[in-house]
1. Checking Ser259 against (1) part of a loop (DSSP other than H, G, I, E, B); (2) hydroxyl-bearing (Ser, Thr, Tyr); (3) crowded, with 17+ Cβ neighbours inside 10 Å, which test does it fail?
2. Looking at (1) over 26 Å from Arg186 (Cα atoms); (2) part of a loop (DSSP other than H, G, I, E, B); (3) modelled with pLDDT under 85, find the lone condition where Asp359 falls short.
3. So, Thr165, is that one touching a His at 6+ places or on another chain (Cβ under 9 Å), over 17 Å from Asp243 (Cβ atoms) and among the polar types (S, T, N, Q) or not?
4. Being loosely packed, with under 13 Cβ neighbours inside 10 Å and either more than 19 Å from Asp292 (Cα to Cα) or touching a residue at least 12 places away in the same chain (Cβ under 8 Å) (or both) is the filter here, so list the residues in segment 337-357 that pass it.
5. Report, by residue number, each residue of segment 145-172 that is at pLDDT below 95 and of a type in the set (D, E, K, R).
6. Tell me which of these Ile242 doesn't satisfy, since it passes every other one: (1) surrounded by 24 or more Cβ atoms within 10 Å (Cβ to Cβ); (2) among the β-branched types (Val, Ile, Thr); (3) assigned by TED's automatic domain parsing to the domain that holds Val349.
7. Determine the pairs where a residue that is closer than 15 Å to His196 by Cα and at pLDDT below 90, located within segment 230-257, has a partner that is assigned to a loop (DSSP other than H, G, I, E, B) and aromatic (Phe, Trp, Tyr) with Cβ atoms under 8 Å apart, the partner being 6 or more residues away or on another chain.
8. Mind listing whichever residues of segment 392-405 are farther than 15 Å from Leu418 by Cβ and either in a loop (DSSP other than H, G, I, E, B) or at pLDDT 80 or above (or both)?
Amino acid sequence: MKRTAWLLITAAMFGWALAACAVGEAGKSAPLSAGVLTPDYRAIARLAGPAVVGVEVIGMRTPSPHEWDPNTGMPALPFKGKLPFHGQASGFIVSSDGLVFTSAHVVQDARRITVRMADLRQFRALLVGSDTITDVAVLRISAQSLPTLQMGRVDEVHVGDPVMTIGSPFGLEQSVSHGIVSAKGRTLPGFATVPHIQTDVPVNPGHSGGPLLDASGLVVGINSQIYTFSGGYQGMSFAVPIDVAIRVKNQILAHGQMSHGYLGVSIQDLDLTLAHAFGLDRPRGALVSGVDPGGAAETAGLRMGDIVTAFNGEPLGRAGDLMSEVGMASPGDRVRLSVWRAGRAIEIVVRLDPAMEFDDEIATGTGASPSVREEPGWRLRPLTSQERSLLGVAGGLLIEEAGALTAQAGLLAGDALLSINLAPVHSLEDVRELLSERPLNAALLVIRDGEHRFYPIALD
């Protein structure tokens, strides 16, 4: 089990076997209709159970600082080097000839994978392929005429719908739990391309890789993450939508791997102040705070300060929506972006690059230029030539001290201010002139730790 700094953790490595869906015997469907509001949990559990499997893994791994010891339930002790591990999680059969879905983090670093059937048969499993970006893995076992689960449609899943799981939390096999869909389209740290389904279904260590089921017993997701301070369930769990998993499976079977599109921008959400500063009536879309030199976005003409409001005609509510759309597209795809720029709407067609991992680092410099306290209550000084070189910028001002108003907006001492309402600032006089116009809302472009980001300030 891994968890990030904000305590999102994978729900694996304890021994679950999540269950689900509509077919418990090969070729036989559960007698439930798509319009059922109150699920027959007994029928779903009875028919889905045979197609739910346990996934046991053995391998060598370097313990993560956020990993939990399954023997003690406490955080793992720091250790340098690799240690043997033995983990248990969940999966489910999706084809009668032996294809199995599970989570990518379940099988990561595994040297031996064993699939355990509900009837106690065991099979050595082959890892056909996995995709860490979506946290989906595909296994194959050598068997025929296996029970399978039927796939549902995520676009037919709505907030408030009942959902359920069957699994082995903490090794307690065939445990049935249920809840409702709390939200859709959640993007999570480390998995920003996946529009997760958020539920309140109790999901604990051991659930990863198991199915999330709708009221008809159809698989609508693969349980992947929980949000917790304790290492166990605390009311929020997240599943990878099944349509994402199917796309990953199809590409793995056809090409041996999953390929993701890459736009080449840094983006952020807008609040009401930023939306008004850019001339929008309300927050929507993805604000471009940085553009990769020579990347797909720059080549197509996308600029810093643009707001992408739609992807191939589909409106974007938040920045995460754009990341999900781009991540699920393929390299080389031509996509149409609706963009709000300088008070008017334009269309830009972009040919996506292949996604790859980037490691952005930037050095920090020091200087001793004179500083001046300016409205709205901050202390500024021009960047030195060394600082400009290290940051890769032509101009800007260093925020030496953030006043109450700017600190409330999220600015910190040490940030470099590059522009106000897209107008570059090279001197204290530039700042005075731009703020003397008394805009009701100002969008301040700042660079911090090598990342560009807009911060809103309401000046009324």
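The values are calculated or read from the model by the stated rules, or taken from the named source; none is laboratory data. Keep in mind it's a predicted model, so treat the numbers as computed, not measured. Cβ coordinates were reconstructed from backbone atoms using ideal geometry, including for glycine residues, and neighbour counts include every protein chain displayed.
1. (3)
2. Going through the list (1) over 26 Å from Arg186 (Cα atoms); (2) part of a loop (DSSP other than H, G, I, E, B); (3) modelled with pLDDT under 85, Asp359 breaks only (1).
3. Taking the combined requirement at face value, the residue satisfies it.
4. Start the filter on segment 337-357 by keeping residues that are loosely packed, with under 13 Cβ neighbours inside 10 Å, which leaves 342-347, 349, 354, 356-357.
If the condition is that a residue be loosely packed, with under 13 Cβ neighbours inside 10 Å and either more than 19 Å from Asp292 (Cα to Cα) or touching a residue at least 12 places away in the same chain (Cβ under 8 Å) (or both), then Ala342, Gly343, Arg344, Ala345, Ile346, Glu347, Val349, Pro354, Met356 are the ones that fit.
5. Arg153, Asp155, Glu156
6. Here Ile242 clears every test but (3).
7. none
8. Listed by number, the residues that qualify are Glu400, Ala402, Gly403.
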